[in-house]
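Submitted below is the structure of interest, expressed as C-alpha cells.
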Protein chains: 2
Amino acid sequence: MVTLGTSSTLCSFIGVMLPQQINFGYRGKQEVKHARCGGFQIKANVKTPNKDDNSLRVTTSSTLDDFVFRQNFTIKSYEVGANEKASIETLMNYFQDSAINHFKTFGIHRGGFGSTEEMIKRNLIWVFTHMRIETYRYPVCDEVVQVEAWMSVAGKNAVRWNWLLRDSKTYQVLSKASSGCVMMNKLTRKLSKIPEEARREFESYFVNSSRMIPEDDIKNIPKLNVITADYICTDLKPRWNDLDINLHVSNVKYIGWVLESVPESILTNHELCGMSLEYKRECGRDSKLHSLTAICGANNNNVEFYHLLQLEDRGVEILRGRTKWRPKPIRNWGLLKLLLQLQNQRHYLFHTS
Amino acid sequence: MVTLGTSSTLCSFIGVMLPQQINFGYRGKQEVKHARCGGFQIKANVKTPNKDDNSLRVTTSSTLDDFVFRQNFTIKSYEVGANEKASIETLMNYFQDSAINHFKTFGIHRGGFGSTEEMIKRNLIWVFTHMRIETYRYPVCDEVVQVEAWMSVAGKNAVRWNWLLRDSKTYQVLSKASSGCVMMNKLTRKLSKIPEEARREFESYFVNSSRMIPEDDIKNIPKLNVITADYICTDLKPRWNDLDINLHVSNVKYIGWVLESVPESILTNHELCGMSLEYKRECGRDSKLHSLTAICGANNNNVEFYHLLQLEDRGVEILRGRTKWRPKPIRNWGLLKLLLQLQNQRHYLFHTS
C-alpha cells in the first residue's frame, strides 16, 4: 500500500475502445467522442490532437461529460531502459500523472496527489492498494503516446483508476492498467473510510466500467518464504529520492526491487507483459528489504513468477505480486549480453582530455 | 565517466543572459533573439512560447544560426521529491534530454545518445567526464521551465555542453550547468580520440563561450578513504533499470548514491545548491559500491562536502565530487521529520476495502 500509485483485472482483449463504444465526430475544429459504458452516457470533448506534443489533452467543459481524460506523453531519452524502450516504471509514472491531472480537471483539487478540500481538512491522502498492468508493446524514445484515464467506484471505501495507453498515431492500445485507491490519515498513517463529504466531491465523476474490467485474482497470490522462493535478493534499501511527497516510497519504485530478484537471463531475454501488485504496507526511508521470487509457470517460452517484498526486520510483508514475461524480440541481444558481461569483469581507466 | 550525462565551472553570476548579450524582437509572430558571444554572431529563431506546453522549442532553420536550443519542460508529479520540488536528478535529466534534442537539430543524428554516422561507423558513443550544476531555485510540480542548451569546444578530444534552466514566465535563471563529453568505443569500452571525420560533422555548431563559463577547480577534489571520510554507506548496487542504452549506469543515477552518504539532517534541513562531479569509470550491472562523504567546509549554515564513489572490490574509484548545501526554506519541516521518524518506527497493517 503506497501513495498514489494501484490493481484489478483489465479487459482481456486488445484494441478495445473504451468505455464500451466510441464514435468520433467533429464539431467545428473540436473532435467529439461519444460512448456508452455500462448503460451510462459518456461524452468527452477533446481538442484535435497535436501528435508531436506532450502537453495535456484536457476536456475543458465543466459539465458531467468530463469522464475520460486524455494526456499525451513523449517518451524522453531518460525514460528508456537498456533496450531503448520505455521502462515499466515510465508507464506507471504516466498513469499516475494522468490520474492526478484528471482529478485536477474536476475543479476540486487542492494540492498534493489528488487531495480535495474535505480530505485536507481531515489530513487524508490517497494511497494505492493494488495495481495491475498489461503491456502489449513498449513505446520507444521520442514516440508520442496517449493515456486515457478514468475513475470508477470500488465499494464504499475505495476508488479505481483505469488507464489505456495508446499509440497516438494509430490509437492502437499498447497497455492497459487498473488500480485501487483508498484514503489514509497522513498523521496516524492509518487507513480511513472515505468521509461522505469527501465522497460527494468526486462521486459524480465515476464511470461505471466495472463490467469492462473484471476483478483480478490478485487475492490468490501466495505468500512466499525462504523455502518456497527460488530467488532471493537482500540488502535492498530506499534511496533518498525514492520518497514521494507523502514521505514514503513511491509505489513505482517497488518495481525496481521486484525486478532485483528476477533471474538475469529473464531480464535480458524476456520482457514484462503483465504485472499484478498488491501493496500491503508503507515503506519508509530506513527500511531494509528482501525481494523474493518463485517460478509459478512456464509455457511456450513465456514465464510467470510470484513475488514478495518483505522487511528484513521480522519479515513484515510489504508487497505481493505476480509477473508475466514473454520472449523479447531478438535484436543484437547477444552482443548486449556480451557487453554486460565485459563490464562486470573489468573497469577501464578514463582520462579526460 | 558515464554515458551522455557531464563538468566544468559555470558563470559565477546569476541572471546572465546567454550567450553574452541577447536582444529580443519579433518578426511577425516569431520571436527572434540575437546575441554576440565571444566575438561570434548568434541568431536563434524560436517560436513564440506556449508556457503551458512542454513540447520542444526548436530552431527550425538549417543555417549556422542554430546555436542555442530551447526546450520547455513541465515538472511532472513523478519528478518531484519529498519536498514537492523537482529533484536534482530531474534537472539533470532535462539537461541531458535537451542536449540530445539539440544534437538532433544539427541534422547529423543517427541514433542513440547523439551518435553521428561517422561515430556509428567506428562504434563510438558519447560519455560524460564531468558535470557541474548550480541551482538557485528548484521548480515545483506543474511549473514550466525552459532549458537553453549549447555546445562548445573543449580541447581536441572533448566537447562541452552548457545549460541554463529558466522560469519560462520570467526568464529568471533557476540553474546553470556545464559538462564535458568524450568518445568511447562501445565494444572495447576504451576512450577514443574524436576522429577528424566525426569532428567535422558537428564542429560548426560550437559556441565559443569559454570565457562565459570559466573552468572549475574540479581537479582539486581530494580522493577520500575510510580514514578521511566522515560518513560511509556500503552495499550500494545498481538496479536493473539504472542501466541506460549504452549498457552502463546512467550518470544521473550516481547522484542517488552520492546522497546516500550525506547525513540525514542535511538532506532534511538543507537543499543542494552546487555540485561538481568527476566521472572516473563506468559502472556496470553487477557493481557493488561504497559512497564516502567528508565535510569540507561550513559557513553561515551553508555546508560543503567532498564525495567519493568506489567499487567495493579493490576500492576502484568511480566518481569524485563536491556538493554545496544551503538551508531549506522552513515549511512544516518539523512535521515532515516527525513523520519520517514515525514511519521508520512502525509499519501499519492496511486492509483493502
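Quick one: residue B:227 ticks every box in (1) touching a residue at least 24 places away in the same chain (Cβ under 8 Å); (2) of a type in the set (Val, Ile, Thr); (3) more than 9 Å from chain A (Cβ to nearest Cβ) bar one, so which box is it?
(1)
Hey, among A:199, A:132, which residue is within 21 Å of the chain's Cα centre (by Cα) and not assigned by TED's automatic domain parsing to the domain that holds residue A:320? It would help to see each step written out before you state the result.
Values: A:199 fails: within 21 Å of the chain's Cα centre (by Cα).
Criteria check complete, one pass: A:132.
For residue A:182, indicate whether it is within 13 Å of another protein chain (Cβ to nearest Cβ), under 15 Å from residue A:203 (Cα atoms) and of a type outside the set (Asp, Glu).
When the stated conditions are applied, residue A:182 passes them.
Among what's in the range A:211-237 and is of a type outside the set (A, V, I, L, M, F, W, C), modelled with pLDDT under 90 and part of a loop (DSSP other than H, G, I, E, B), pick the residue that is nearest to residue B:84 (Cα to Cα).
Across the range A:211-237, the extreme among qualifying residues is A:237.
Also, I was wondering about something else. Can you work out which of the residues in the range A:89-100 that are more than 8 Å from chain B (Cβ to nearest Cβ) and among the hydrophobic types (A, V, I, L, M, F, W, C) is surrounded by the fewest Cβ atoms within 10 Å (Cβ to Cβ)?
So, considering only residues that are more than 8 Å from chain B (Cβ to nearest Cβ) and among the hydrophobic types (A, V, I, L, M, F, W, C), the one surrounded by the fewest Cβ atoms within 10 Å (Cβ to Cβ) is A:91.
Determine the pairs where a residue that is within 13 Å of chain B (Cβ to nearest Cβ) and at pLDDT 90 or above, located within the range A:144-159, has a partner that is in a loop (DSSP other than H, G, I, E, B) and surrounded by fewer than 20 Cβ atoms within 10 Å (Cβ to Cβ) with Cβ atoms under 6 Å apart, the partner being 6 or more residues away or on another chain.
A:144/A:51; A:157/A:193; A:157/B:353; A:158/B:353
Ok, one more. Within the range A:146-160, track down each residue that is crowded, with 23+ Cβ neighbours inside 10 Å and of a type in the set (Val, Ile, Thr). Please lay out each step first, then the result.
As a first pass, look at the range A:146-160 and keep what is crowded, with 23+ Cβ neighbours inside 10 Å: A:146-151, A:154, A:159-160.
Once the filter is applied, which keeps residues that are crowded, with 23+ Cβ neighbours inside 10 Å and of a type in the set (Val, Ile, Thr), the range A:146-160 yields A:147, A:159.
Out of A:334, A:315, I need the residue that is in contact with a strand residue (DSSP E or B) (Cβ under 9 Å, 6 or more places away or on another chain), at pLDDT below 95 and more than 18 Å from residue A:129 (Cα to Cα). Which one?
Residue meeting the stated conditions: A:315.
Select, from A:118, A:134, the only residue that is assigned to a strand (DSSP E or B) and either at the interface with chain B (Cβ under 9 Å from one of its Cβ atoms) or acidic (Asp, Glu) (or both). Write out each step before concluding.
Working: A:118 fails: assigned to a strand (DSSP E or B).
When all the criteria are applied, what remains is A:134.
For every residue, the table says whether it meets (1) of a type in the set (Phe, Trp, Tyr); (2) facing chain A (nearest Cβ under 10 Å); (3) under 30 Å from residue A:244 (Cβ atoms); (4) surrounded by 21 or more Cβ atoms within 10 Å (Cβ to Cβ).
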site: B:74; (1), (2), (3), (4): no, yes, yes, yes
site: B:84; (1), (2), (3), (4): no, yes, yes, no
site: B:102; (1), (2), (3), (4): no, no, no, yes
site: B:124; (1), (2), (3), (4): no, no, no, yes
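Also, quick follow-up: With the structure loaded, tell me whether residue B:326 is at pLDDT 95 or above and surrounded by fewer than 18 Cβ atoms within 10 Å (Cβ to Cβ) or whether it fails that test.
The answer is yes for residue B:326.
If residue B:293 passes every condition in (1) surrounded by fewer than 19 Cβ atoms within 10 Å (Cβ to Cβ); (2) at pLDDT 90 or above; (3) among the β-branched types (Val, Ile, Thr) but one, which one does it miss?
(1)
Limited to the range A:259-292, what total is found for residues that are of a type outside the set (S, T, N, Q) and more than 10 Å from chain B (Cβ to nearest Cβ)? Even if it seems obvious, please write down each step before you answer.
So the first thing to find is which residues in the range A:259-292 are of a type outside the set (S, T, N, Q), and the list is A:259-260, A:262-264, A:266-267, A:270-275, A:277-286, A:288-290, A:292.
From the residues that got through so far, the ones that are more than 10 Å from chain B (Cβ to nearest Cβ) too are A:263, A:266, A:270-275, A:277, A:289-290, A:292.
So the count comes out to 12.
Continuing with this model, one more query. So how many residues does the range B:99-118 have that are under 16 Å from the mean Cα position of the chain (by Cα) and more than 13 Å from residue B:69 (Cβ to Cβ)?
1
The values are calculated or read from the model by the stated rules, or taken from the named source; none is laboratory data. Everything numeric in this text was worked out from a predicted model, so none of it was measured. Ideal geometry is used to build each Cβ from the backbone, glycine not excepted, and the neighbour counts take in all protein chains shown.
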